[in-house]
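> I'd like to ask you about the structure that follows.
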Amino acid sequence: MGGVMGQEPDVRAEFAVSDYSQIGSLTSFLASIPGITVTRSPGRPDQGEQGALDVLTVVAGSSGLVAAVKMLPEFLRSRRSALSVELTVADRTFKLTATNIDQVMPMVERILRD
């Protein structure tokens, strides 16, 4: 018998921060959420760029990922700077800030449910 009944498939998402000094804080923040796995990996440079900063890859069931994204406003608002987090899921990238999170969250949740 394969798989666990009722277990949702894992979803992968990438998180990148606008202020690279905050990547360690974001790693700790995401790692504190039950049911998700966070790994730090090299970012992919855009065409014409020499390199890219590390990104965080999060693997979780879609409900765990929704929980992580729903907690991002708390993380963003706790920072002094106008920090933003880029979330890439299902080949779509969203830029989340403390001021736009309420508008962006419904789109992210819709993608995670599909």
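Coordinate-derived values only; no laboratory data. Please read all numbers here as calculations on a predicted model, not as lab measurements. All Cβ positions, glycine included, derive from the backbone under ideal geometry; neighbour counts span all protein chains shown.
> Work out from phi, with θ = phi - 60° and the Karplus expression 6.51 cos²θ - 1.76 cosθ + 1.60, the ³J(HN,Hα) of each residue of region 85-90, listed in order in whole Hz, and give x for Gly and Pro.
Going residue by residue, I get 10, 9, 10, 10, 9, 6 Hz, with x marking Gly and Pro.
> Along the charge dipole of the chain, Cβ charges K/R +1 and D/E -1, which of 88, 36, 72 sits furthest on the positive end?
Highest projection toward the positive end goes to 72.
> Further question: Neighbouring Cβ atoms within 10 Å as the yardstick, rank 105, 71 fewest first.
71, 105
> Against the longest alpha carbon principal axis of the chain, how many degrees, from 0 to 90 and to the nearest 10, is the axis of helix 62-77 turned?
So the inclination is approximately 30 degrees.
> With the Cα gyration tensor of the chain in hand, convert its eigenvalues to equivalent ellipsoid semi-axes via √(5λ) and list them largest first in whole Å.
Its equivalent ellipsoid spans semi-axes of 23, 17, 14 Å.
> Filter the GluC sites (Glu not before Pro) in region 5-114 to those in DSSP coil with at most 16 other Cβ atoms within 10 Å of their Cβ, and list the result.
Those that pass, being in a loop and sparsely packed, are 49.
> Using alpha-carbon pairs under 8 Å, 6+ residues apart, how would you state the relative contact order of region 10-113 in percent?
31 percent
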